[in-house]
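One structure is given here, and the rest of the page talks about it.
Coordinate-derived values only; no laboratory data. Since the model is a prediction, treat every value here as computed from it, not as a measurement. Cβ atoms come from the backbone with ideal geometry, glycine included; neighbour counts cover every protein chain shown.
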Amino acid sequence: MFRIEAEVDKQRRDLLRSRLRDTNTAASPVLAALRGTPAERETPLHVWALDESGDLAGGLVGHTWTTWLHVAYLWVDAPHRGARLGSRLLTRAERIAHDERGCRGARLETWDFQAPEFYRGHGYKVVCAIPDYPPGITEYTLIKPLR
């Protein structure tokens, strides 16, 4: 007999994640080869742009894992848009991921009203489109090889 619960539990989440990682590692020679190496860990990668006053003008939050950069958030404050600040943040993150962490690819998700054309202009290609996620909006997953 099982008791099923639906509640936020960070301790159980961490335990589940650890057990899933162990199961995946045991099933995959590639993940097993990474076991215990720095590439196995998700390593945060943050790039910030500060204005003349030291206030946040934009930023990129992501992480690297194995040979991939995953961009979670990229944002530029409205007064600074159009000044290529987003391009500079993205380029810097890609350079760090490639040159310092050995990443060979980058991935991200964006919605149709956000920035798919911006990312295409930076060499990203759409590999997945999910219509109506959320309703009326399409979410795209894009990837790019890093060189």
Within region 86-103, restricting to residues that are crowded, with 19+ Cβ neighbours inside 10 Å and aliphatic (A, V, I, L, M), the one that is nearest to Ala57 (Cα to Cα) is Leu89
The residue that is surrounded by the fewest Cβ atoms within 10 Å (Cβ to Cβ), considering only those in region 114-138 that are among the charged types (D, E, K, R) and closer than 15 Å to Leu74 by Cα, is Glu117
Of all helices (runs of 4 or more DSSP H) fully inside region 18-127, the set with 2 or more residues that are farther than 22 Å from Pro145 by Cβ, out of contact with any Leu (no Cβ under 9 Å at 6 or more places or on another chain) and not basic (Lys, Arg) is 29-34
